[in-house]
Amino acid sequence: MCGRRGRRHGRVTALDLENLSLVGAISSSVANLTFLRKLHLPGNHLQGVIPQELAALSYLQSIVLFQNKLEGEIPHELGSLQNLKVLNVSYNKLTGTIPWEFSNLLNLEILYIAHNSLTGEIPTWIGNLVKLRKFSLSANQLTGSIPSSLGNLSALTILNLHTNNLTGSIPPLQNLSSLTVLELGYNDLTGYIPSQIGNLTSLVWLDLQSNRLTGGIPESLGNLNLLEVLGLQFNNLTGSIPSSIGNLLSVSNLTVANNALEGPLPPLLFNLSYLEMFSAQENYYLNGSFPLDIGYNLPNLQIFLIDFNQFHGPIPHLFCNSSMLQMFEAVSNLLTGTIPNCLGTQLVSLDLTKNQIQATRDADWGFMVSLANCSDLQFLDLSYNRFAGEIPSSVGNLSTNLEHFSMQSNNLTGRIPEEITNLVNLNVLSLSENYLEGVIPNSVGKLKGLSLLDLGENYLSGSIPPTIGNLTELSIISLGVNMLNESIPSSLLGCPLQTLDISYNSLTGPIPRELFSIKTLSGYMRIQNNKLTGTLPIELGNLNNLGELDFSGNQLSGEIPVSLGACQSLQYLNASQNNLQGTIPLSVEQMKGLLVIDLSHNNLSGDIPEFLANMRGLSTLNLSFNNFKGQVPEDGIFKNASATTILGNYGLCGGIPQLKLPPCSSHNTKKPPLKLIIAISIGSACLIDYNRTRDAKIACLTSILHVGISCSRETPTERAQMGDALKELQKIRDWFRRDSLQASSH
C-alpha cells in the first residue's frame, strides 16, 4: 500500500498480508522499505526470528506478527523505533526476557506478547509507558511480582497477565480509572483482594481465579455496575458472599467456586436479570434455601452450579421460568422435596446426586414426562436420593441424545423397564444399590454405545443376557450381588472390558475360556462367591494386564495353571475357598508385582516355595487350611507373622518363633536313603514294562516298596517320609510320560 507520498514516489507505507498461509522466514530485506509504517503479517506460518533489521524502519508505527511460529528472542534493537505505537507478537514461540530498550518506546499504545515462552520478571519501567492502552503478557513463564508502577498507566484499558508464575500481592491499581479488563488469573498471587479494585468503575471483566488469594470478597466490588464477568474461583477466600454483589446488575458470569465461603447466598443475587452463569460449587459451607420466586428474576439463567455445599429446602418450581436453563448441578447438598415437572426445554445436564430428593407417588415422577421435552438432554444423574417405587416407562421417552443415566442407591423396586433400552446413545447406565428384581432385559444389547453397565446390588435373577456381547464399546460391567444364575455367557469376549464384576451371584458351570481371552481386562475380574465348577483354563495366562483377580468362594478344582505366571501386572490374587489341588506353580515367581496372595481353604500340597520369600512387594500371604508340609521359609514376608497366615497345614515345621510351629526333624530335610532309591528304581521297571496291566503294575510297585522299607535298618522315625518316595515316583512318572509321547510321535 502506498501513502500520499507513495503514490507520487512509489514508496510502500504498509505491508498487510494477513491469513494467507505464508511460510518461510521474514526477510531482512523488508528493512529496505524505508517509508514503511505498518507491517502486518498475522495468521500465517512464518518461522525463524524477527529480523533485527526492522529497527532501521524509523517511520514504523505498527508491527503485528501474532499467530505465527516465530522463535528466538525479541530483538532489543526494536527499542529504537520512537514512532512505534503497536507491537503485537502474541501466539508465537518467542523466548528470553522483555528487552529493557523497550523503555524508550514512549509512544507505545498496544503491547501484546501473550502466549509465548518469555521468562524473567515484568520490568518496572513499563510504568513509564504512559500512553499504553492495552498490555498483555498472558500465558508466558514470567516470575516475580506485579510491579506497582503499573498503577501509573492511567490510559490503560486492558491489563492481562494471566497464566504465568507471578507471586506476591495485587498492587494498588486504583488510578487505572479507564481499565475495562483486568485478568490476573492462573498465577500464584497471595494476600487479600484490594478493596480499591471497587474504584475501577469502568471494569467489565475481572478475573482473579486460580491463585492463592485469602480473606473475604470486598464489599466494594458491588460498585462495579458495568461488570459483566467476575471470576474468583479456585482461591482460598473465606467469609460470606457480600450482599453488594446483588448490585452487579450487568453481570452475566459470576463464579466463586472452589473457595471456603460460607453462609447463605445474598437474596439480591437472585435479582441479577442478566445472569447467565452462576457457579459456587465446592465451597462446602455455603447454605440456606432458595427464594421461591427465583425463576421470575433470572430469565437468562443458563448454568447454575452449586455442588458440594449445604443448601437445603426444595428446588423452587419457579425455576421453570428460567426457560433458557441448560445445566443444573447440585451434587452433594441437602435438597429435599420433589423435582419440578417443568424445568424448561433447554436442559442438557441435570445432576442432583447425593441429596434427599424423593418420589413416593406416581405424581412425583411427573418430572420424567417433562424432561422428555428436553431434546438436548445428555446427562441425568439422580443417584443417592430417596426415589421409591418403579421406574416409570416414560423413561424411554427421554432424549435419544442422553448419554448418562444413573439412579444408583435409591429405593427403586420392580423391574428394569424394557423402554430404557430406547435410549440408544447411552454411554453410562447405572441402577445399582436398589431393590430391582426380575431379569436384565435382552434388549440391553441395543445400547451399542454403552461403556458402563452397573446393575449391582439388586435382586435381579435369570441369566446374564448373551446380547451384552454385542456391546463393542462396553468397558465396565458390574452385576455383582444379585441373584443371577445359569452360566457365564462366552459372548462377553465381544466386549473390550477393563473391569468385570459378577461376584456374589449363583452362576454355575465352568468359567468360559473366552472370559480369560479378554486381553483388555486391566482393572479387576471379580467372579467370587458363585457356584462355578470345573478347572481353571490355561487361557488364564492371557490376562497379562489385569491388576486384580478374585475367583474365591466357588467349587473350582484341578491344579493352578502354570500359565498364571504370565499375569505380570497382577497385584491381588484370591483363589481361596475352592477345591484346588497340586502345588503352587514355579511360574508364580515371575509375578513380581503381587501384593496380596490368598490361596487358603483349598487342597494344595507340597512345600511352600522358597521364592515367595523373595517377592519383596508381597504384603499379605494366606496359605491356611491346605496340605502344605515341610520347612516354612524365614525370610521376606515370612518374617512378619501378622502378614502371613499358614494355619491348618499340619505338615509344616520351622519358621519364625511367632508361628509356633514344631521344629523340623532330620527326616524332614534329608535325602531319601539309598535303599529306598534302589527300591524305587527297581519299581520303575514295573512302569516301563508295557505288557503289564494297571493292577499288575500297582501290585509290583507295592511289593518292591514293601521289600525296600522292610530291609531298611533305620527306625520308623528315622526313615524318609512316604512323601519323599512319592516325589521320586512323580519324577519317574513324568519321565515315562515324556518317553511315551516321544515314542508315539515316531
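The values are calculated or read from the model by the stated rules, or taken from the named source; none is laboratory data. Source: prediction; values computed, not measured. So basically every Cβ, Gly included, is an ideal-geometry build from the backbone, and we count neighbours across all protein chains shown. Accessible surface is based on the protein model in full, side chains and every heavy atom, while ligands, DNA and RNA are left aside. Shrake-Rupley method; radii C 1.70, N 1.55, O 1.52, S 1.80 Å.
Details
- Potential lengthening between SER461 and THR119 on full extension [0.36 nm per residue; Cα-Cα distance subtracted]: 116.7 nm
- Computing FRET efficiency as 1/(1 + (r/R0)^6) for THR345 and ARG415, where r is the C-beta to C-beta distance and R0 is 25 Å, gives about 0.25.
- Anisotropy class of region 1-118 from Cα gyration tensor, a/c 1.5 cut: oblate
- Cross-link reach list, aspartates and glutamates versus LYS93, counting only Cα pairs under 16 Å and skipping chain neighbours closer than eight places: GLU71, GLU73
- Stretching ASP635 away from LEU647 to a fully extended chain increases their span by 2.5 nm, per 0.36 nm per residue minus the current alpha-carbon distance.
- Per-atom-type breakdown for region 394-447 gives carbon and sulfur 40% of the accessible area (1.4 Å probe, protein chains only).
- Extending 7 Å from Cα along the Cβ direction at MET324 and again at THR520 yields two label points whose distance is 4.1 nm.
- Qualifying trypsin sites (Lys or Arg not before Pro) for region 95-159 [loop in DSSP, other Cβ within 10 Å: at most 13]: none
- Couplings 3J(HN,Hα) of region 137-153, computed from phi: 10, 5, 6, 10, 10, 6, 10, x, 9, 7, x, 5, 5, 4, x, 7, 7 Hz, in residue order, whole Hz [Karplus 6.51 cos²θ - 1.76 cosθ + 1.60, θ = phi - 60°; x for Gly and Pro].
- Principal axis dimensions, region 497-567 - Cα atoms, whole angstrom, descending: 27, 24, 17
- Listed by chain and number, the aspartates and glutamates whose alpha-carbon sits under 15 Å from that of LYS134, ignoring those within fewer than 8 places in the same chain, are GLU109, GLU183.
- Taken per residue, the accessible surface of the chain reaches 44 Å², heavy atoms only and a 1.4 Å probe.
- Given charges at Cβ of Lys, Arg, Asp, Glu: the chain dipole, positive-most of SER177, SER243, GLN67: GLN67
- Of [x] 1.13; [y] 1.16; [z] 1.20, the label for Rg/Rh (Cα atoms, Kirkwood Rh) derived from the coordinates: [y]
- 10 Å Cβ shell holding at most 13 others, DSSP loop, GluC sites (Glu not before Pro): longest site-free stretch of the chain: 19-472
- Histogrammed with a bin width of 10 Å, the alpha carbon distances of region 423-570 distribute as 12, 43, 35, 9, 0 percent, first bin at zero.
- Carbon plus sulfur fraction of accessible area for region 38-183, probe 1.4 Å, in percent: 49
- Listed cross-link partners LYS629/LYS660; LYS592/LYS629; LYS592/LYS639; LYS38/LYS131; LYS448/LYS519 are compared with a 23 Å cut-off, the Cα-Cα value being larger for LYS592/LYS629.
- Lys, Arg +1 and Asp, Glu -1 on Cβ, resulting dipole of the chain about Cα centre, debye, nearest 20: 1900
- Electrostatic bookkeeping for GLY79 treats Lys and Arg as +1 and Asp and Glu as -1; over the other residues with beta carbon under 13 Å from its beta carbon, the sum is -3.
- The modelled label-to-label distance between ILE538 and ALA372, using points 7 Å beyond Cα along the C-beta direction, is 5.6 nm.
- Kirkwood Rh in Å, taken over all unlike Cα pairs in region 335-487: 15.5
- Between the beta carbons of ASN32 and GLU101, assuming R0 = 30 Å, the FRET efficiency works out to 0.85 to the nearest 0.05.
- Gain upon complete extension [THR336, SER487; 0.36 nm per residue less C-alpha separation]: 50.1 nm
- Expressed as a whole percent, the accessible surface of region 495-635 that belongs to carbon and sulfur atoms is 46, based on a 1.4 Å probe.
- Rolling a 1.4 Å probe over the protein chains gives TYR274 an accessible area of about 140 Å².
- A compact globular protein would have a Cα radius of gyration near 2.2 N^0.38 Å; the ratio found for region 170-217 is 1.09.
- One Cα centroid belongs to region 423-494, the other to region 189-263; the line between them spans 48 Å.
- Kirkwood radius, region 538-659, all distinct C-alpha pairs, inverse of mean reciprocal distance: 14.3 Å.
- Pairwise centroid distance, computed over Cα atoms, of region 569-585 with region 623-659, Å: 17
- By accessible area with a 1.4 Å probe, ligands and nucleic acids excluded, highest first: order of TRP365, TRP205, TRP125, TRP100: TRP100, TRP205, TRP125, TRP365
- The spacing between region 341-411 and region 53-106, judged by their C-alpha centroids, is 57 Å.
- What the Cβ-Cβ distance of LYS93 and LEU17 gives, at R0 = 25 Å and to the nearest 0.05, is a FRET efficiency of 0.80.
- Hits among aspartates and glutamates - C-alpha to C-alpha of LYS69 under 16 Å, sequence gap 8 or more where chains match: GLU18
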